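Working notes, structure below.
Read-outs: derived from the displayed coordinates by stated rules, not from any lab. Keep in mind that what you see is a predicted model, and the values were worked out from it rather than measured. Glycine gets a Cβ as well: all are built from the backbone with ideal geometry, and neighbour counts include every protein chain shown.
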Amino acid sequence: VFVSEDYGTSWKQICLDLPVEPVNVIKEDPKAENVLYIGTDHGLYVSVDGGASTMAWAGSLPRVAVHDIAIQERENEIVLGTHGRSIYIGSFNDKYISGLNSEGFGFSRTKNVVFCYTELDLFSQCIL
């Protein structure tokens, strides 16, 4: 993972302690400066120091490929698009950043969303 702070003139490598696996998506937290969410082929990682260090996202999220991350500021939720385990939606509590520690950081899952095939060749949303 590399970052540029001068529109690509120079680059710096960050997140050096991530496992050796493909990185699929990186999102910055819109409310907390220096917090990064990193989706890889084997899970979600978080950094609270701008990428100087990372830790595994703990909790109810299985070790699956995370291909997309969306942070819903109004609902205070994070939405994870995974491969093989559907979409995870989790709520941040008021002190979610203080929950980051060496054990990893989890969220309270609010719902699983599954897309189901129907006979009309459409996809419909099913909430588990």
(request) For every other residue with a beta carbon closer than 15 angstrom to the beta carbon of residue 84, add +1 if it is Lys or Arg and -1 if Asp or Glu, then tell me the sum. (result) 0
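Let me check I've understood the local charge: for residue 50, count other residues with C-beta under 12 angstrom from its C-beta, Lys and Arg +1, Asp and Glu -1. What total comes out? Could you put the intermediate results ahead of the total?
Details: positive: 12; negative: 5, 28, 29, 33, 49.
For residues surrounding residue 50, the net value is -4.
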(request) List every residue whose amide H lies under 5 Å from the amide H of residue 14, counting only residues 5 or more places away in sequence or on a different chain, with H placed 1.01 Å from N in the peptide plane. (result) 2, 3
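Express in nm, to one decimal, how much length is gained between residue 72 and residue 21 on full extension, taking 0.36 nm for each residue of separation and deducting their alpha carbon distance.
Values: separation 51, 0.36 × 51 = 18.36 nm, distance 2.70 nm.
Full extension of this stretch gives 15.7 nm more.
Mind ranking 4-17, 40-53 by how tightly packed they are, going by the mean number of other C-beta atoms within 10 angstrom, highest first?
Working: 4-17: 10.5, 40-53: 18.4.
Highest to lowest by the protection proxy: 40-53, 4-17.
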(message) Using the basic label-point model (7 angstrom from Cα toward the beta carbon), what is the residue 7 to residue 31 distance in nanometres?
(response) 3.3
(message) Tell me the net charge near residue 65. Cut-off is 13 Å between Cβ atoms, residue 65 excluded, with +1 for each Lys or Arg and -1 for each Asp or Glu.
(response) -1
